[in-house]
Amino acid sequence: MTNTSRDSDVPPEPVVEVRHLSHRYPVGNETVGALTGVDLTVNDGEFVAVIGPSGCGKTTLLSIIAGLLPPTGGQVSVFGSDTRAARRSQALGLVTQDPGLLPWLDVASNVLLTLDITGPHDGADEYVTELLERVGISRFARYYPGQLSGGMRQRVALARALVHHPRLLLMDEPFGALDEISREEMRFELLKVWEQEQMSVVFVTHSIREAVLLADRVVVLTGQPGRVKDVIEIDLDRPRTASLEDSPRYLSLLADVRGLLVSETDRSDLVHAIPGNRR
Amino acid sequence: MKRKFQRNILILLTPALVSALLLAVWETWVRVRDVKEYLLPAPSAILAALLDDPGRFAEGARLSLQAAIGGLLLASLGAFILAVAMAHSRALERALYPPALALKVTPIVAVAPLFTIWFGFGLAPKVLIAAMITFFPMLVNSVVGLRSIDPRAHDFLRTINASTWQVFWRLRVPSSLPFVFAGLRISVPLSLIGAVVAEFLSGSDGIGQLILIANGDFDTPVLFGAIFVLAAMGILLTASVALVERKVLFWYQSSVRL
């Protein structure tokens, strides 16, 4: 997988630039703040994790970056233009905790659908097979989503998001509903794909471990409405492996992130908080 | 394998046995108590009436079924098209809901004579009355179905810049199908009611006319024959819908079995 064409036209500016972002949504006759004064920059090829307690606006932030939700204040630019234009460029990939696969289509057709949306392609079937192989589910090409485990479904969601070689992959607690073993597997699978694709990733998670293990930078959001408490650089070597979790540096970074989260709130459910924030 | 086969036999055998037992009790009761035939004919007498002129029942069933299916298809199609508009715009939904509701709550028997005045005695008024009675359940289910899309799937399609049209065909229409089939299951027996009511009022043809004539003649065995034929038609239609549903909605987990 080379992306020579992309390398040449990559602008020097960041892939995502969020400035003074705030968002309020209506509840009855009032509006409630979801985000306030959020600044965030994601550089080309960077893996950024966003972590915070339930209700801190992580999902809202991701939806705004994805161009699914117009913010009520501040500026967001993706690929140097506004989010709607970024969406039209079809260089976005989205993977959510419940990935919303189409249950009436088998795995291959679910992936093929993404390709179909942009019109007919030569060798589409071969390409889909190749994608399914890359995420390790080619054996299940003719299975329906209802027949797959949660981990398998997330692999399909990943394959589907990779179809157009996105420059920016947006992930909203993608492994949150998986069992620990599948989650572990998927994390390293994702890192492998990210290194191959050289794309940027914004990864929303509840898990401190996951954030530190995967990301170049961890953005800690706190409060209601959510704001950026701090950004921690994760200067761990790559490629990252499971053995990393024994290293002192990893443990101290883990403690840093945890400290930021706990000092702000006395909630004990930070790591295993209920999934599915309000939008 | 063998055990499964045995279980299937048992599943089929039990209701057949129960039905046979009921008929036997009925038959015995009529014979022992010497019940008058015009009050309650024995099953054997009903069977004799059916076999006496099977062509008459078959022709009646064909015409009534034609009207019921015609009305059901017309209503389903019309309701779905209207539902697309209503699912698209809340304002339109608010505007169209009251007349649709008025159509629903008006007793069909009261409106049916009008249809005979307007459309005569042929197939047309029967189809229209069957369509009228099935329209509302199809409309409501279609609107709910078209709105029932998975927001995650919708978000994903939007991030890859799918058009409204693509979202409609790729997501909205398939998502609506479980609800459309639920509507069909409600509407199948209604469509038969519509067809028979139309035949009662116009007296032109079909099972409804057969019942009307048999009633006038105090020919209770024929009356019962017509009722059994109607029941069989209802079962046939329901089973057909269930069969198609099972094929089409193989992916739908909570799909209700017949």
Given the conditions (1) farther than 27 Å from A:ILE208 by Cα; (2) in the same structural domain as A:ARG183 (by TED's automatic domain parsing), every one holds for A:LEU69 apart from (1)
Selection over segment A:156-198 where residues are more than 14 Å from every other protein chain (Cβ to nearest Cβ) and on the phi < 0 side of the Ramachandran plot yields a count of 21
Which of the numbered conditions does B:PHE168 fail, given that it passes all the others? Conditions: (1) away from chain A (no Cβ under 13 Å); (2) of a type in the set (Phe, Trp, Tyr); (3) part of a helix (DSSP H, G or I). (1)
What residue, of A:ARG167, A:ARG155, is within 15 Å of the chain's Cα centre (by Cα) and free of Cβ contacts under 8 Å to residues at least 40 places away in the same chain? A:ARG155
Please work out which residue is modelled with the highest pLDDT, limiting yourself to segment A:39-63 and to residues that are part of a loop (DSSP other than H, G, I, E, B) and more than 13 Å from A:LEU169 (Cβ to Cβ). A:ASN43
Would you check which residues across segment A:90-101 are more than 18 Å from A:PHE203 (Cβ to Cβ) and in contact with a Ser or Thr (Cβ under 8 Å, 6 or more places away or on another chain) and list them? A:GLN90
Quick one: would you say A:PHE47 is among the aromatic types (Phe, Trp, Tyr) and more than 14 Å from every other protein chain (Cβ to nearest Cβ)? yes
I want to confirm something. Restricting to segment B:171-192 and keeping residues that are of a type outside the set (A, V, I, L, M) and more than 30 Å from B:LYS126 (Cβ to Cβ), which single residue is farthest from the other protein chains (Cβ to nearest Cβ)? B:ARG172
Filtering segment A:200-226 down to residues that are charged (D, E, K, R) and either under 23 Å from A:ALA86 (Cβ atoms) or not assigned by TED's automatic domain parsing to the domain that holds A:ARG249 (or both) yields A:ASP216, A:ARG217
Starting from segment B:211-237, keep only residues that are among the aromatic types (Phe, Trp, Tyr), then list their pairs with residues that are assigned to a helix (DSSP H, G or I) and crowded, with 16+ Cβ neighbours inside 10 Å whose Cβ atoms are within a distance under 8 Å, requiring at least 6 positions of separation or different chains. B:PHE224/B:ILE46; B:PHE224/B:ALA49; B:PHE228/B:ILE46; B:PHE228/B:LEU50
Here are some residues: B:ALA61, B:ALA124. Which one is surrounded by fewer than 17 Cβ atoms within 10 Å (Cβ to Cβ) and either in a helix (DSSP H, G or I) or not hydrophobic (A, V, I, L, M, F, W, C) (or both)? B:ALA124
If the requirement is being over 30 Å from B:PHE121 (Cβ atoms), surrounded by 14 or more Cβ atoms within 10 Å (Cβ to Cβ) and more than 26 Å from the chain's Cα centre (by Cα), which of these qualifies: B:LEU21, B:LEU40? B:LEU40
It is to be established whether one or more residues within segment B:206-219 are of a type in the set (Asp, Glu) and either within 14 Å of another protein chain (Cβ to nearest Cβ) or in contact with a Leu (Cβ under 8 Å, 6 or more places away or on another chain) (or both). no
Would you please name the residue that is farthest from the other protein chains (Cβ to nearest Cβ), looking only at residues in segment B:143-153 that are surrounded by fewer than 24 Cβ atoms within 10 Å (Cβ to Cβ) and in a helix (DSSP H, G or I)? B:VAL144
Report whether or not B:ARG158 is touching an Asp or Glu at 6+ places or on another chain (Cβ under 8 Å), free of Cβ contacts under 8 Å to residues at least 60 places away in the same chain, within 14 Å of another protein chain (Cβ to nearest Cβ) and surrounded by fewer than 21 Cβ atoms within 10 Å (Cβ to Cβ). no
Just to verify a result, which residue in segment A:90-111, among those that are polar (S, T, N, Q) and part of a loop (DSSP other than H, G, I, E, B), is farthest from the other protein chains (Cβ to nearest Cβ)? A:GLN97
If B:SER204 meets every condition in (1) buried (at least 19 other Cβ atoms within 10 Å of the Cβ); (2) in a loop (DSSP other than H, G, I, E, B); (3) of a type in the set (Ser, Thr, Tyr) apart from one, which number is that one? (1)
Restricting attention to segment B:133-141, does a residue exist that is more than 14 Å from chain A (Cβ to nearest Cβ), under 21 Å from A:LEU113 (Cα atoms), part of a helix (DSSP H, G or I) and not β-branched (Val, Ile, Thr)? no
Within segment A:102-112, can one find any residue that is charged (D, E, K, R) and not assigned by TED's automatic domain parsing to the domain that holds A:GLN198? yes
Matching residues, segment A:72-81, being within 14 Å of chain B (Cβ to nearest Cβ) and out of contact with any Leu (no Cβ under 8 Å at 6 or more places or on another chain): A:SER81
When you scan segment A:112-132, how many residues do you find that are in contact with a helix residue (DSSP H, G or I) (Cβ under 9 Å, 6 or more places away or on another chain), away from chain B (no Cβ under 11 Å) and more than 23 Å from A:ASP179 (Cβ to Cβ)? 9
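The values are calculated or read from the model by the stated rules, or taken from the named source; none is laboratory data. Keep in mind that what you see is a predicted model, and the values were worked out from it rather than measured. Virtual Cβ from ideal backbone geometry, glycine too; neighbours counted across all protein chains shown.
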